[in-house]
Amino acid sequence: MTAIVNRIAAVLTLGVATALPLAALNAQSCDPTANTRGDIAKAQFSMTRAISASEKGNPTKDVQEVLRLVENGNDNPMARNYLRGEAYIIYLMQPNTPAVVPRSALGLTKNPTGTIDLFFAADSAFAVVENAAPECIPLITQWRQQKPWLNTLNAAINALNAGQLDSAETFAKRSLLLDHNAPYAYSVLGSVARSRKNLAAANDYWKQTLAAAGTDTIYADVRTKTMYEIASYASDRAEAATGPAKRAAAREAIKPWQDYIAVATNDLLLADAIDNVARMYMAAGDSASVPTIYAPLLANPSKYGEVSLVHAGVVATRNGHQADAAKLFDAALAQNPYSRDAINNLAATYIQNNEFPKAFPLIDRLVALDPSNPDNPLLYAFAYQGMYKGTKDKKLQKIYTDSLVYFNNKSENATVKLAVTEFSRRPDQTTIAGLIENRGTTSKTYTLSVDFLDKSGGVIGTETTTVGPVAPKGKQTFKITTKMGGAYGYRYKALT
């Protein structure tokens, strides 16, 4: 079976909403600056100009005026702090503004040579409003999630995906100063901790992610991703354990995987989850429960992707449930008639079930798609071996023996072997990769021509590459990527 690819990318991609325009912020039942007078009223007028300038020009002068007007005085602390928080956010929205600036840059007269952390200052100012008037929290949240928070969070995600763990951690923690109620930064910090192999810390951050996500549908993606991470962590603990502790840890890992499988929408990650929970059941000494893993897929196969169905079929095969496996592989082929893994596994399952007439057409299809893989003729040999064992007719035994020997020799004497190790498909890209083994006695260069097929078998594109020279008994990798989506399978010309 070809490897599950793009797993990490699928896990680390987070969808973060865009910030509302400042003019669209809705006070609803809260207006922290209602019925103000004096300097605070003047500051409110300056804030209106600053908001307008932030969308069309430079609001710095108006921001400085707001902060000057609210800097002195103790009356109406809620309005003063609300205006301060707004001013800090608007100032941070300007291009290339650092998080820490001299106080004089904001027009502040108290300790002008000192510095101010704008993220911390905005959080402190908004916290005063939130504590004094909880009904204002929705409005304050809109301000907290403006561009400074969003840009910092995206910087954390980009740094994480680039492997820049220190930067990812710094940006994520800074984004939490403005909004510690959204789950994204905790998710980033969990991934950073896991990359550093600090699994206990990672698990703590993932728990915080789930707590922050709650049941809000807007956070469904990050919640599902985090459930996968927590289950993976539980599996890692079980894999690392030994003796009785291993069995106990495996039992603990089953529930997180079950929870993830119940909500999973990513076909590749669901397939990986099916493999993982099967291993945990086996490690826990509970093989009898393995069929419960794929029972939902058997009951409603059209709800699931082809990769998940194939992996579920493999789990059923390994657990001795060939009839279930055949149904799952057949369901995968219904979704994708050109899935090599489904064709290969279904043919092998039919052979195991002594349903040889059903196996031969599948092997024919397999050889047509994958002609230079010597493993494929072996399926013919296994089928004829089974047919030989199933009859006492001497003439038929002779025919089956001759056929078995023919296809076994065809496999053993092949001078080249092509093995596909990756076939990954995206809406705008398809990649096929693998190994070519030169089984001959002289160096050889191979021309590999691959047709990419749609669901009906039509050719949607052809790519050709040269592999070699490959030394005798040596191997060489190949990789072909086409900027074309919509491929269901591949077919290549036999190598010579």
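How many of the residues in segment 85-116 are touching a residue at least 60 places away in the same chain (Cβ under 8 Å) and over 21 Å from M47 (Cβ atoms)?
The total comes to 1.
Condition first: of a type in the set (A, V, I, L, M, F, W, C), in contact with a Gly (Cβ under 9 Å, 6 or more places away or on another chain), part of a helix (DSSP H, G or I) and closer than 24 Å to A162 by Cβ. Can you find one or more residues in segment 246-257 that meet it? Step through it out loud before you land on a result.
First pass over segment 246-257, keeping only residues of a type in the set (A, V, I, L, M, F, W, C): 248-250, 253-254, 257.
Within this subset, residues satisfying the condition of being in contact with a Gly (Cβ under 9 Å, 6 or more places away or on another chain) are 250.
Adding the requirement that they be part of a helix (DSSP H, G or I) leaves 250.
Filter once more, so that each one left must be closer than 24 Å to A162 by Cβ: none.
Checked segment 246-257: no residue is of a type in the set (A, V, I, L, M, F, W, C), in contact with a Gly (Cβ under 9 Å, 6 or more places away or on another chain), part of a helix (DSSP H, G or I) and closer than 24 Å to A162 by Cβ.
So, in segment 107-121, exactly how many residues are open to solvent by less than 20 Å² (accessible area, probe 1.4 Å) and over 42 Å from the mean Cα position of the chain (by Cα)?
2
Please work out which one of (1) open to solvent by 20 Å² or more (accessible area, probe 1.4 Å); (2) assigned to a helix (DSSP H, G or I) is the condition N181 fails and give its number.
Result: N181 passes all but (2).
Among the residues of segment 351-403, how many are free of Cβ contacts under 8 Å to residues at least 12 places away in the same chain, within 18 Å of N413 (Cβ to Cβ) and open to solvent by less than 70 Å² (accessible area, probe 1.4 Å)?
Summing the residues that are free of Cβ contacts under 8 Å to residues at least 12 places away in the same chain, within 18 Å of N413 (Cβ to Cβ) and open to solvent by less than 70 Å² (accessible area, probe 1.4 Å) in segment 351-403 gives 1.
Take the conditions at pLDDT 95 or above, in a helix (DSSP H, G or I), of a type in the set (S, T, Y) and under 18 Å from the mean Cα position of the chain (by Cα) and apply them to T170. Does it pass? Full working, then the answer.
Values: at pLDDT 95 or above: yes; in a helix (DSSP H, G or I): yes; of a type in the set (S, T, Y): yes; under 18 Å from the mean Cα position of the chain (by Cα): no.
Taking the combined requirement at face value, the residue does not satisfy it.
Of all residues in segment 226-252, how many are open to solvent by 20 Å² or more (accessible area, probe 1.4 Å) and not aliphatic (A, V, I, L, M)?
Adding up the residues that qualify gives 11.
Would you call V263 touching an Asp or Glu at 6+ places or on another chain (Cβ under 6 Å) and either open to solvent by 20 Å² or more (accessible area, probe 1.4 Å) or under 21 Å from T209 (Cα atoms) (or both)?
Details: touching an Asp or Glu at 6+ places or on another chain (Cβ under 6 Å): no; either open to solvent by 20 Å² or more (accessible area, probe 1.4 Å) or under 21 Å from T209 (Cα atoms) (or both): yes.
In short, no.
For D166, only one of the following conditions fails: (1) open to solvent by less than 10 Å² (accessible area, probe 1.4 Å); (2) over 27 Å from Q64 (Cβ atoms); (3) not β-branched (V, I, T). What is its number?
(1)
Considering each of D286, D275 in turn, give the residue that is surrounded by fewer than 24 Cβ atoms within 10 Å (Cβ to Cβ), more than 24 Å from the chain's Cα centre (by Cα) and under 19 Å from A234 (Cβ atoms).
So the residue among D286, D275 that is surrounded by fewer than 24 Cβ atoms within 10 Å (Cβ to Cβ), more than 24 Å from the chain's Cα centre (by Cα) and under 19 Å from A234 (Cβ atoms) is D286.
Residue-wise test of (1) more than 18 Å from N336 (Cβ to Cβ); (2) modelled with pLDDT under 95; (3) open to solvent by 60 Å² or more (accessible area, probe 1.4 Å); (4) part of a strand (DSSP E or B).
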residue: G461; (1), (2), (3), (4): no, yes, no, yes
residue: V467; (1), (2), (3), (4): yes, no, no, yes
residue: F478; (1), (2), (3), (4): yes, no, no, yes
residue: G485; (1), (2), (3), (4): no, yes, no, no
residue: L495; (1), (2), (3), (4): yes, no, no, no
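State yes or no: is L298 within 25 Å of L453 (Cβ to Cβ), modelled with pLDDT of 95 or more and either within 28 Å of the chain's Cα centre (by Cα) or crowded, with 22+ Cβ neighbours inside 10 Å (or both)?
So L298 fails the test.
Residues S443, S449: which one is modelled with pLDDT of 95 or more and open to solvent by 50 Å² or more (accessible area, probe 1.4 Å)?
S443 is the lone residue from the list that is modelled with pLDDT of 95 or more and open to solvent by 50 Å² or more (accessible area, probe 1.4 Å).
Can we say A433 is in contact with an Asp or Glu (Cβ under 6 Å, 6 or more places away or on another chain) and open to solvent by less than 40 Å² (accessible area, probe 1.4 Å)?
When the stated conditions are applied, A433 passes them.
Scan segment 269-288 and report the pairs whose first residue is closer than 19 Å to S308 by Cβ and modelled with pLDDT of 95 or more and whose second residue is among the hydroxyl-bearing types (S, T, Y) and in a loop (DSSP other than H, G, I, E, B), with Cβ atoms within less than 8 Å and a gap of 6+ or a chain change.
Partner pairs satisfying both residue conditions: L270/Y304.
Quick one: is N131 open to solvent by 10 Å² or more (accessible area, probe 1.4 Å), in a helix (DSSP H, G or I), under 23 Å from Q44 (Cα atoms) and out of contact with any Lys or Arg (no Cβ under 9 Å at 6 or more places or on another chain)? Walk me through how you get there before you give the answer.
Working: open to solvent by 10 Å² or more (accessible area, probe 1.4 Å): yes; in a helix (DSSP H, G or I): yes; under 23 Å from Q44 (Cα atoms): yes; out of contact with any Lys or Arg (no Cβ under 9 Å at 6 or more places or on another chain): yes.
Judged against the criteria, N131 is a match.
What residue, of A17, A10, is out of contact with any Cys (no Cβ under 6 Å at 6 or more places or on another chain), in a helix (DSSP H, G or I) and modelled with pLDDT under 90?
A10
Within segment 184-219, how many residues turn out to be part of a helix (DSSP H, G or I) and either among the hydrophobic types (A, V, I, L, M, F, W, C) or loosely packed, with under 13 Cβ neighbours inside 10 Å (or both)?
Residues flagged as part of a helix (DSSP H, G or I) and either among the hydrophobic types (A, V, I, L, M, F, W, C) or loosely packed, with under 13 Cβ neighbours inside 10 Å (or both) within segment 184-219 amount to 16.
Across segment 70-93, which residue is most open to solvent (accessible area, probe 1.4 Å) among those that are of a type in the set (A, V, I, L, M) and assigned to a helix (DSSP H, G or I)?
Checked segment 70-93; the qualifying residue most open to solvent (accessible area, probe 1.4 Å) is M78.
Using the structure shown, decide if T48 is modelled with pLDDT under 85, over 41 Å from the mean Cα position of the chain (by Cα), over 19 Å from N151 (Cα atoms) and β-branched (V, I, T).
Values: modelled with pLDDT under 85: no; over 41 Å from the mean Cα position of the chain (by Cα): yes; over 19 Å from N151 (Cα atoms): yes; β-branched (V, I, T): yes.
Spelling it out, it is not the case that T48 is modelled with pLDDT under 85, over 41 Å from the mean Cα position of the chain (by Cα), over 19 Å from N151 (Cα atoms) and β-branched (V, I, T).
Would you check if there is a residue in segment 348-364 being touching an Asp or Glu at 6+ places or on another chain (Cβ under 9 Å) and within 30 Å of S443 (Cα to Cα)?
For segment 348-364, residues touching an Asp or Glu at 6+ places or on another chain (Cβ under 9 Å) and within 30 Å of S443 (Cα to Cα): absent.
Looking at (1) of a type outside the set (F, W, Y); (2) within 20 Å of R174 (Cβ to Cβ); (3) open to solvent by less than 40 Å² (accessible area, probe 1.4 Å); (4) over 37 Å from the mean Cα position of the chain (by Cα), which is the only condition R103 fails?
(3)
Taking segment 104-128 as the region of interest, how many residues are basic (K, R) and assigned to a helix (DSSP H, G or I)? Working first, answer last.
From segment 104-128, those basic (K, R) are 110; that's our starting set.
Subsequent filtering for residues that are assigned to a helix (DSSP H, G or I) retains none.
The qualifying residues number 0.
The values are calculated or read from the model by the stated rules, or taken from the named source; none is laboratory data. Just so you know, these numbers come straight off a predicted model, no measurement behind them. Reconstructed Cβ throughout: ideal geometry from the backbone, glycine too, with neighbour counts over all protein chains shown. These area figures cover heavy atoms from the full protein model, side chains too; ligands, DNA and RNA do not enter into them. Shrake-Rupley method; radii C 1.70, N 1.55, O 1.52, S 1.80 Å.
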